[in-house]
Structures are given as structure tokens and as C-alpha cells.
Amino acid sequence: MIPRTLKDVGKPIFPTSQILRIRFSPNGEQLVAACTDGTVRFWDTAGKEGATLRGHSGWVTTLAFAADGRLVTADSWGALTCWSKDAERKKLWSITAHEGWLRALAIREEEVATVSRDGTVRRSKLGNGELLNKTSLNADLYSVTYSHGSDELLIGDLFGKVHWLDTAGKRVRDFERNDFHLLDRIQDVGGIRGLTFSPDGKTLAISGAMPKTGGFVQAFPMLELVDAATQKTIWKWKGANDNEGYLHDLKWLDNDTLVGVTSGQPGQGKVLVWNAKTTEPALVHLKLPNCHSVDAAKQLLAVSSTNANSSGNGRGKAAEYRHNHSPISLLSLG
Amino acid sequence: MRNPLCTPVEHRLSRRAFLGAAALGGLVTPTLAETLRNERKQVLFVWLDGGISQLESWDPKPNTTFGGPFRAIPTSVPGIHISELLPETAKLMHHLAIVRSVRTQDDSHSAGVDRIQRGDPKNRGVVYPYLGSAMAKLLGAGDSGLPPYVWVKPMNGGFIYKDAGFLGPKYGALALGDGKPPENLLRPSEISAADDEERNELRKLADQRYTANRKADTTEANSYAYEMAAQLQKRVELFDLAKLPKKDQDRYGSHDLGRHMLLARRLLEKGVTFVKVTSYGWDTHGDNFNGHSSLVPKFDKPFAAMIQDLAERKMLDNVLVIAMSEFGRTPRINGHLGRDHWPEAWSVCMGGRGLKKGVVAGTTNDLGTDIATEPYDIGHLFHTWFQALGIESETKQYFNRSQPLPIAHEDMHAVKEVLA
């Protein structure tokens with residue numbers, strides 16, 4: 001049941017960094033964030049800060065929990081790290097998985113799949129990071145997910161193509177969603193930013209944006225639901241304005257409900273909740289600017305957004321040159 | 001009395017506007033021509049319109065608050081690192097010089113582009129020429145018989161007289177829209193050469209009559225456009241990049257910037273004094289990092305190919321190469337994961353004629369939020385470029401009718417660290 005509004009639960013968490021991805025731990029008691037200052041940070045659901053994991057370079061771009069609570073994190077220099085499930089969060093292993101920006105990862109049982117700007121998809125053992133296989137797709141790769149109930153992989157690229165690979169890295173099929181890509185002058189803009197199966201595996205959600213321009217990046221957020229068996233479109237939603245930007249993160253709450261967040265031009269951001277049977281969102285929450293990630297646990301939504309007044313040309317008048325940060329809001333789904 | 005001012009229509013390039021007039025070359029012996037060619041001073045000016053991020057190019061700050069996702073990579077010069085998005089250029093750093101302490105005055109495109117390309121001199125109530133027009137005036141057209149200031153750009157072309165400012169329209173830019181020759185350049189096949197010549201003679205007579213009651217510079221510009229057109233008619237092969245080896249086309253890339261850089265190389269080889277290549281779309285207020293991930297490699301490849309080709313042809317001894325924008329981009333990363341306009345502390349890459357090889361001048365602080373050494377404005381860079389080309393920028397003056405005007409900001413000086 002989709003609520004009519006989302007209500008704040010407690011006060012927002014104010015991390016000192018910008019955040020690219022947040023996820024609840026499997027038991028829903030911890031919230032963990034991938035930060036642009038190269039750290040991984042933890043909070044409990046009351047907002048009390050816990051451990052900070054260090055050792056990454058550049059940005060920590062994404063993260064995911066294994067079912068048993070182990071945490072896998074990735075960075076923009078191509079490193080992949082696994083941390084223990086206990087409270088100490090010891091580093092179990094760390095490898096250079098890719099030659100550059102590791103953009104997305106997915107975990108299935110004892111395997112982790114990663115994709116990168118280097119154009120490759122890699123399967124590694126979750127136990128020690130050992131390489132299982134690596135496949136070059138010769139495109140900047142943005143998103144990855146395991147197909148429901150199998151070890152096959154779906155990978156979304158910059159050009160709007162979804163590559164479907166078997167366990168050996170051989171092509172099963174691919175299909176194109178060209179609306180997710182634009183060549184504007186010499187800039188390739190857009191890309192399939194998210195691929196997510198419904199819990200029952202019958203529906204695949206493809207998310208990102210329909211770009212209108214490069215540079216400034218005017219773009220309409222876009223979500224397409226696809227029949228997983230036929231790859232035929234069930235419905236496609238496009239945001240109303242080109243200043244709304246990308247649908248940055250998407251989560252299935254159950255087989256009938258999805259939640260996503262957008263970030264467009266500074267100040268623009270939405271939390272959107274859909275009934276999977278209906279194209280238009282059933283709930284639109286407008287109070288959080290520039291949202292980059294969302295997750296849900298125990299009737300609680302966590303959304304990372306951006307502080308107000310995040311943009312501006314030149315130095316400005318403030319004495320100190322400050323960086324932006326990503327407040328995390330906890331919202332009630334109940 | 002007739003209006004002494006010309007109208008923009010009169011400067012549009014068309015076949016009619018290009019017909020007639022004698023070649024500029026052909027009056028010197030081959031030996032002298034060779035000598036002159038060897039002494040030729042030329043400029044390649046690559047303009048990345050909108051503002052390339054210094055942090056994702058020439059002045060990376062990896063693993064810092066504002067450093068972004070990318071790594072810095074070593075270059076061919078020990079100790080100098082640039083962004084991982086420039087792997088090909090990094091291999092050729094021994095030919096290049098970077099100024100990392102550029103601080104300019106405008107954080108808007110509308111004012112910034114003009115001020116930067118005109119050198120931001122003191123206000124004397126006149127409109128200064130763009131760098132290309134200044135070089136056309138100060139270095140001349142040489143013996144190539146081609147226009148001294150050619151601008152290769154996406155979209156439309158034409159004769160861009162406004163660039164010339166007070167120098168007068170004759171020093172404007174011939175813009176090759178999408179790298180193509182002006183429309184209707186060639187004589188239509190149904191008009192014979194004899195008929196064409198007759199028409200030209202008629203046109204000259206009309207010009208003379210037109211000149212009688214008008215300012216000389218407007219009619220000069222008009223005739224000049226005809227002369228240049230006549231030369232271009234004889235050089236249409238310049239624009240046929242398909243005839244170049246496929247290897248060259250692959251090295252430069254098939255996108256606009258690659259094709260336009262390859263054309264620029266040909267124009268430089270043929271002796272054009274100042275070639276400007278513009279790439280639009282660098283104003284990455286949103287999704288800056290994915291934007292630069294796509295854009296910078298498309299600059300890197302043809303830029304490196306150009307440097308390599310000019311070096312192999314010994315042309316870097318004659319050609320000054322500059323790559324820049326109207327400003328850099330903010331260290332602060334906004335909520336759209338973009339970077340905004342930043343004139344406070346940014347970088348310019350240059351190389352070739354008159355410059356040291358493999359050097360960096362100036363530094364920014366650890367976070368890239370300020371300059372740690374002497375800041376250099378665009379006036380400093382104009383002095384540097386003029387002096388690199390042997391022009392005494394501190395004493396040389398323009399004369400706008402009887403008004404003497406310094407060619408670069410008189411309170412500024414060249415960046416000595418990069419001058420050879």
C-alpha cells in the first residue's frame with residue numbers, strides 16, 4: 001500500500017561528504033554510505049554514526065551487502081573490497097578489479113559481478129575476489145544485475161544497450177533502448193544507469209534519463225518496465241521537465257511497488273513511488289533537492305540528497321570555500 | 001550621401017563574393033619561398049567552449065575533497081602528472097607547457113569569451129581584436145595565398161568580421177562551418193571560364209565605383225573576401241579529408257573535433273597563419289564527470305595526434321599551439337554532480353614555437369581552490385604568446401587611425417617560466 005505522503009522519521013543525518021550510494025544492512029539496522037571522500041560510513045537508524053572504513057581511492061562509487069552481511073565496496077580507481085560481517089568490519093580482501101571507474105556491482109550467492117568505465121564486466125569469487133572471468137563489451141558500462149534465478153548477467157551501457165551474458169561471458173542476447181542515450185555534439189550523454197528485477201523476476205526496471213543536451217545536461221528522468229521473458233515494454237514513464245535530470249537509484253519494495261530518486265539541475269530532486277501497474281507515480285515527494293540514492297527496510301526509506309545552494313559560479317562571497325554534502329533523510333512508508 | 005558603413009550582408013561568403021582578384025603568392029622565387037616558409041610563424045588555437053575542468057585535465061587533485069573520481073597519470077616528463085583522461089597527450093608532455101596559475105576576471109560565458117579572446121586589455125573605448133585577428137595583423141598572411149585567420153568550427157561558417165574589432169573587417173575570421181568550404185565556392189559548370197572572367201571584370205568596376213564614397217577598410221574587406229575566395233577555389237582539395245590516409249582519420253577520430261583538427265593540420269601545413277578550432281559543449285554544470293569522461297578523450301586523441309604530427313614535421317618550431325577555454329570549473333561539486341564556472345585558478349596548455357618544452361608554470365594549492373604562486377591573467381598569456389612568436393609585446397603598438405594602442409595589457413608581462 002503506497003502512502004499518500006512520506007513523513008520524516010527523526011532528524012536528517014548530516015555526513016561530511018557527498019554520497020553516491022546508500023544501502024541498509026540485510027537486517028535493516030545499519031545504514032551504510034559510499035562517499036566521495038573515499039570513505040564508507042555507517043549509521044544506525046537513530047542516526048548515530050558508527051564505523052568509518054578507509055582504504056579506497058577517488059570516490060567510493062557503489063556498495064552492496066551479501067545475504068550474510070558481508071559488505072562489498074567499489075571505487076572510481078577500479079578497486080573492489082570486501083569487509084567482514086561482524087561489527088569490526090575487517091577488510092577481508094581488496095583487489096584492483098578494473099582499469100578505472102568501477103560503476104556498479106551485483107552480488108549473487110558466492111559471486112560478485114562488476115562493471116566499469118574500462119568497458120569490461122568481471123565476475124569474481126565473493127570469498128576472496130579471485131577472477132572467474134572477464135568480458136570486454138567495448139563500451140562504458142553503467143549498471144549490472146543478475147538475471148532472476150540464474151547466474152546470467154544483464155549489463156547496461158552508455159549507449160542504451162542492455163547486454164545479456166551467460167556465465168561464461170558469452171552473449172545470450174542484447175536489446176537496445178536508444179532513448180537513454182544522446183550524442184550531443186561530441187558528447188555521449190545518458191546511459192542505462194540502473195537495471196533491477198522485481199522480486200518475482202518477472203519484470204525488469206530500466207532507469208536513467210532521456211537526455212536533451214550534453215554539457216549542462218538537461219534530461220528527463222525515465223523509467224521503463226520490461227517483461228523479463230520477452231523484453232517487451234510494459235510501460236515507460238518520462239519526467240515532465242528536462243531540468244529533473246536522472247533517475248539515479250531505484251528499488252523494488254515488493255512485486256507491485258517501486259521507489260526511485262532523481263537529481264537534476266541544482267535544487268531539483270524528487271522521491272517517486274510507483275505502483276508497478278501504473279505509469280504515473282502514485283506519490284511524488286518534492287522536499288529533498290538532488291537525491292542520489294534510496295533504499296528501504298522495515299517500512300523505512302532512506303534518501304540521500306544534497307544541501308541547499310549547492311551550485312554557483314566563482315568563489316562567492318563566503319570567507320571559506322566549502323564543499324557540499326549529502327544529508328540522509330529517513331522517511332516513513334507506513 | 002551613402003552610408004559609409006558596410007552591412008553584414010556584404011560580408012557573407014558566397015560564390016559571388018569569392019570570385020575574382022589575383023593570387024597573393026607567386027611573386028617570390030622557390031628558394032626564397034622555402035626560406036620564408038621556414039621562418040613562418042603560425043598558431044593553432046584550440047578553443048573548448050564552455051570551460052574544460054582543470055581538475056579533469058591539466059591540474060588533477062586526486063584523492064582530495066574536490067578531486068573527483070579520476071586518477072592522475074605520469075607523463076613523458078618525470079614529475080608532471082595530468083588527468084587519466086588525457087593518456088595520449090601525457091605521452092607527449094615533453095613537447096608541451098602548462099600554466100596552472102591562471103586567474104581571470106569573468107565567470108560568465110557572455111563576457112568571458114570576448115574578454116579572454118581579446119586579451120582583456122585596459123578599456124580605451126575601442127574593441128580589441130580577437131587573438132586570431134591580432135595574429136593576422138601582426139604576423140600577416142605569409143605566402144600561402146590563404147586567409148591568415150581561419151576558424152574551423154561546428155555549424156555555420158562565414159566571414160566573421162566582428163572578431164577584428166578596431167583592426168577593421170579585413171582581419172576577421174574566415175569560418176569554415178563544419179570544416180567545409182563556403183557554400184557555392186566552385187564556379188558552376190554552366191558558366192565558362194571566359195564568362196566568369198568577364199563577370200569578374202564587371203564586379204571590379206562595380207567595386208571601384210562603390211569604393212569612391214565609402215571608407216577604405218570596408219571596401220578593402222570586400223575585395224579581400226573575393227581574393228580569398230579565389231584562392232580557396234584553387235585549394236578545394238584541402239577540404240577533402242577522405243583522400244587522407246585512413247590511418248590519419250583513425251588517429252584524429254571521426255567526430256567533429258577529430259575531423260576539424262585534421263583539417264587544421266592541413267591548413268597549417270599549407271601555411272595559414274592562425275587556425276582556430278572550436279569544440280562546443282564543455283559547459284558541464286551537470287554530470288561533469290561522465291561528461292568529461294566522454295569529452296576529454298575526444299580532445300586527447302586528435303590533440304596528441306596533432307602534436308605528434310607537428311613534431312614529426314618539424315613544425316613545432318614554427319607553430320605555437322594553445323588549448324584553452326574561457327575559464328575552468330569550480331572545485332565544488334554541485335548537486336547535479338556538475339562543476340560551475342571558475343575563473344579563479346585554472347590551467348592553459350600550450351606548446352611549440354618559442355616555448356620551453358615539458359614544463360609547468362605556477363601551482364594551485366592542495367585542494368585546487370586557489371593559486372599558490374603568482375597568478376597570471378589573460379593579459380600575461382597574450383604577452384607570452386606574442387613574445388613566443390617574436391613580437392615585442394611590451395613595446396609594439398597598434399595604430400587605430402592615429403590612436404596608439406598596446407597590443408597586450410601594459411600592466412602585465414609574459415610568463416617567463418614557459419618562454420624559451
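Read the figures in this text as sums done on the coordinates, not as results from a lab. Since this is a predicted model, take the numbers as computed values, not measurements. Quick reminder, even Gly has a Cβ in these numbers, built from the backbone with ideal geometry, and neighbours come from all protein chains shown.
Structural remarks
- Against chain B, whose longest principal axis comes from its Cα atoms, helix B:378-388 is set at around 70 degrees.
- Over chain B, dividing the summed -39,500 (n - 2.57) contributions of all DSSP H runs of at least 4 residues by the number of residues returns a 222 nm mean residue ellipticity of -10000 deg cm²/dmol.
- Between A:Leu247 and A:Gly208, A:Ala209, A:Met222, the built amide H atoms are under 5 Å apart, and every one of these is 5 or more places off in sequence or on another chain.
- Estimated distance in nm for a label pair at A:Ala308 and A:Arg173, the labels positioned 7 Å out from Cα along Cα-to-Cβ: 5.0 nm
- Size descriptor, Kirkwood hydrodynamic radius, that averages inverse alpha-carbon separations across chain B, Å: 22.3 Å
- When exposed loop sites are taken as GluC sites (Glu not before Pro) in a DSSP loop with at most 11 other Cβ atoms within 10 Å, the longest stretch of chain B clear of them is B:191-391.
- Segment A:169-231 - charge dipole about Cα centre, Lys and Arg +1 at Cβ, Asp and Glu -1, debye rounded to 20: 160 debye
- With Cα atoms, 0 to 90° folded angle of helix B:288-312 axis to chain B main axis: 60 degrees
- Nearest-0.05 FRET efficiency for A:Lys11 and A:Ser150, computed from C-beta distance (R0 45 Å): 0.55
- Amide hydrogen neighbours beyond the local backbone of B:Tyr398, cut-off 5 Å, H modeled: B:Leu405, B:Ile407
- Assigned charges on the beta-carbon of Lys, Arg, Asp, Glu; segment B:275-340 dipole about Cα centre (debye): 20 debye
- For B:Leu244, net neighbour charge (Lys/Arg +1, Asp/Glu -1) across residues whose Cβ lies under 12 Å away: +1
- Whole-Å distance, taken between Cα centres, linking segment A:101-129 and segment B:377-405: 57 Å
- Mean projected area (nm²) of the alpha-carbon convex hull when chain A is viewed from all directions: 16.2 nm²
- Neighbour cut-off at most 10 other Cβ (10 Å), DSSP loop, trypsin sites (Lys or Arg not before Pro), segment A:195-264: A:Lys232
- Taking amide H as placed 1.01 Å from N in the peptide plane, the amide H of B:Gly358 sits under 5 Å from that of B:His95, B:Leu96, B:Ala97, each at least 5 places away or on another chain.
- Among B:Val415, B:Phe386, A:Leu250 the positive-end extreme of the charge dipole of the protein assembly as shown (Cβ point charges): B:Phe386
- One chain, two ends: B:Gln403 and B:Lys356. Fully extended at 0.36 nm per residue, the span grows by 13.4 nm beyond their Cα-Cα distance.
- Remark: segment A:63-76, residue by residue, has Karplus-estimated 3J(HN,Hα) of 7, 7, 9, 6, 4, 7, x, 4, 10, 10, 10, 9, 10, 7 Hz, where x stands for each Gly or Pro and the curve is 6.51 cos²θ - 1.76 cosθ + 1.60 at θ = phi - 60°.
- For the residues of A:245-256, the average number of beta carbons from a partner chain within 10 Å of their own beta carbon is 1.
- Inter-label distance, nm, simple model (7 Å from Cα along the C-beta direction), B:Arg313/B:Ser108: 4.1 nm
- Applied to segment A:259-272, the Karplus parametrisation 6.51 cos²θ - 1.76 cosθ + 1.60 on θ = phi - 60° returns per-residue 3J(HN,Hα) values of 10, x, 10, 10, 9, x, 4, x, x, 8, x, 9, 10, 10 Hz, with x for Gly and Pro.
- Dipole of the protein assembly as shown, positive end: most advanced residue of A:Asn128, A:Trp93, B:Ala229 [Cβ charges, Cα centre]: B:Ala229
- Shielding by partners for peptide B:336-349, expressed as the average number of C-beta atoms from other protein chains within 10 Å of each residue's C-beta, is 4.
- Calculated from backbone phi, Karplus (6.51, -1.76, 1.60) coupling profile of segment B:315-324 in Hz, x at Gly/Pro: 7, 5, 5, 10, 9, 8, 10, 10, 10, 6
- Peptide-level mean, for A:298-309, of C-beta atoms on other protein chains within 10 Å: 1
- The protein assembly as shown shape via C-alpha gyration tensor axes, a/c threshold 1.5: prolate
- Reported to the nearest whole Å, the Cα centre-to-centre distance from segment A:24-38 to segment B:325-343 is 28.
- Estimated at 0.36 nm per residue, the fully extended path between B:Glu201 and B:Asn365 surpasses their Cα-Cα distance by 52.6 nm.
- The lysines within cross-link reach of A:Lys91, meaning a Cα-to-Cα straight distance under 16 Å and a gap of 8 or more places when in the same chain, are A:Lys125.
- If you plug the beta carbon distance of B:Lys270 and B:Glu220 into 1/(1 + (r/R0)^6) with R0 = 35 Å, you get a FRET efficiency near 0.90.
- The charge dipole of chain B, taken about the Cα centre with unit charges on the Cβ atoms of Lys, Arg (+1) and Asp, Glu (-1), comes to about 700 debye, rounded to the nearest 20.
- Proximal lysines to A:Lys287, defined as alpha-carbon separation beneath 30 angstrom and excluding residues fewer than eight positions away on the same chain: A:Lys7, A:Lys11, A:Lys48, A:Lys212, A:Lys236, A:Lys238, A:Lys251, A:Lys270, A:Lys277, A:Lys298, A:Lys317
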